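The values are calculated or read from the model by the stated rules, or taken from the named source; none is laboratory data. Model, not experiment: these values are computed from the prediction. When we count neighbours, we look across all protein chains shown, and the Cβ atoms used for this are built from the backbone with ideal geometry, even at glycine. The protein model used for the area step is the full one, side chains on, heavy atoms only, and it has no ligands, DNA or RNA in it. Shrake-Rupley method; radii C 1.70, N 1.55, O 1.52, S 1.80 Å.
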Amino acid sequence: MLGMVIAYLLGNRIVILDRKEGNKLYFSGFYGKFYDVQKPKVPNVEKELELSYFDAMYLAEKGVLEVRDINDKKLSISELEKTFSSKYENFREAYIVYKDLRERGFVVKSGMKFGTTFAVYKFGPGIDHAPFLVHVLPYESKLDPIEIVRAGRLSHSVRKKFILAYVDSKTDKVSYFVFKWLM
């Protein structure tokens, strides 16, 4: 079991400076990424660990992570949400989807290189390939058919299922739409 891990908000980054604590946290659920290490396959990585805003918020809510500012002041959950929302468009909706996927047992990483919000793994990076690409859309947004075709072609070419997710603004319920390329 992990004890409380300390991370620091340094500019736009959430960093765990204690390399041993960062290592334990990473391998407890594939949270964050080590500097200069793509997908570690051995458990003895000793580098600083950078967490995504989603990882940091989730772990802080779970009581595993304490985030401090550069003056060593602990930031509350509401301060974290306000900070992350100011730096990441639609943070709240994307975080609700992230949390839902984590609670279902998935490992959730950035999907930026695929043009989506998240790449979702069953087991973890370096162990399996992400079978799902999840794109979070605001509840009120309009869906452009060209974007669906573009996302479908990309996901098909990288052999992943494309999933659209949205959060009901009244209930915070997450809904998923799975697209499968037929041919």
**Request:** Would you mind getting the accessible area per residue of region 73-183, heavy atoms of the protein chains only, 1.4 Å probe, in Å²?
**Result:** 63 Å²
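Classify region 88-180 from the C-alpha gyration tensor, please: rounded if a/c falls under 1.5, else prolate or oblate depending on whether a/b exceeds b/c. Show your work: numbers first, answer last.
On the way: a/c = 1.91, a/b = 1.13, b/c = 1.68.
In terms of gyration-tensor shape, oblate.
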**Complete:** Taking protein heavy atoms only, a 1.4 Å probe, and rounding to whole percent, the accessible area of the chain owed to carbon and sulfur comes out at 55 percent
**Asked** Short version: ³J(HN,Hα) in whole Hz for each residue of region 104-109, in order, from phi by Karplus 6.51 cos²θ - 1.76 cosθ + 1.60 (θ = phi - 60°), x for Gly and Pro, what are they?
**Response** 7, x, 8, 9, 10, 10
**Asked** So what's the Cα pair-distance distribution over the chain, bin width 5 Å, in %?
**Response** 1, 8, 16, 19, 19, 16, 11, 6, 3, 1, 0, 0
**Item:** Efficiency of FRET from Cβ geometry, residue 159 and residue 85, R₀ 41 Å, rounded to 0.05
**Value:** 0.75
**Fill in**
If the label point sits 7 Å along Cα→Cβ of residue 178, residues of region 90-120 with amide N under 20 Å come out as 97-109, 111, 116-120
**Asked** Of 108, 56, 163, which is farthest on the positive side of the dipole of the chain, counting Cα position, with +1 on Lys and Arg Cβ, -1 on Asp and Glu Cβ, and the Cα centre as origin?
**Response** 163
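What FRET efficiency would be calculated for the residue pair residue 77, residue 103, taking the C-beta separation as r and a Förster radius of 25 Å, to the nearest 0.05?
Details: r = 17 Å, r/R0 = 0.67.
For residue 77 and residue 103, the calculated efficiency is 0.90.
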**Request:** Considering the options 136, 95, 126, tell which one lies farthest towards the positive end of the dipole of region 1-144, charges being +1 on Lys and Arg and -1 on Asp and Glu at the Cβ, about the Cα centre.
**Result:** 126
